[in-house]
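The values are calculated or read from the model by the stated rules, or taken from the named source; none is laboratory data. Please read these numbers as outputs of a predicted model, since none were measured by experiment. Neighbour counts are summed over all protein chains in view; Cβ atoms, including those assigned to glycine, are modelled from backbone coordinates with ideal geometry.
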Amino acid sequence: MPVPPAVSATGRENGAAAAEGVEVSAGQAGHACKGPWPPIPQITATMRRYLTQIGCVLRPGSVGGADLALRAFAGFLAETAPEVTSTAQVTRRHLP
């Protein structure tokens with residue numbers, strides 16, 4: 001089910017592009033999001049929902065930073081712990 005874009009009280013979209021995995025220009029989020037999401041559908045969906053949520057209250061640059069961090073962590077999980085398929089399965093031993 002598609003998630004509606006997050007719109008602040010001022011009517012501005014906050015982080016909706018980052019939450020949808022769309023490339024964000026440096027002017028929109030303070031940096032460019034690099035690379036696709038790793039092929040872990042359940043983890044990726046959870047992380048994108050989180051980005052949409054924080055897009056309601058945080059500035060676009062903050063959402064973009066969280067997007068980069070979550071993509072990196074999801075990529076790390078895909079490489080080092082392929083048995084992990086949901087965020088509920090992440091334990092302390094999975095943290096770098």
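Restricted to the stretch 59-77, and to residues there that are within 16 Å of residue 40 (Cβ to Cβ) and crowded, with 17+ Cβ neighbours inside 10 Å, the residue that is farthest from the chain's Cα centre (by Cα) is 77.
Condition check ((1) in contact with a Ser or Thr (Cβ under 7 Å, 6 or more places away or on another chain); (2) touching a residue at least 24 places away in the same chain (Cβ under 8 Å)) across all residues:
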| position | (1), (2) |
| --- | --- |
| 35 | no, yes |
| 40 | yes, yes |
| 47 | no, yes |
| 53 | no, yes |
| 72 | no, no |
| 76 | no, no |
| 88 | no, no |
| 95 | no, no |
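Scoring residue 93 on the criteria (1) at pLDDT 95 or above; (2) in a helix (DSSP H, G or I); (3) surrounded by fewer than 18 Cβ atoms within 10 Å (Cβ to Cβ) leaves a single failure, condition (1). Taking the stated definitions as given, is residue 16 at pLDDT below 55, out of contact with any helix residue (DSSP H, G or I) (no Cβ under 6 Å at 6 or more places or on another chain) and buried (at least 20 other Cβ atoms within 10 Å of the Cβ)? Yes: the conditions hold for residue 16.
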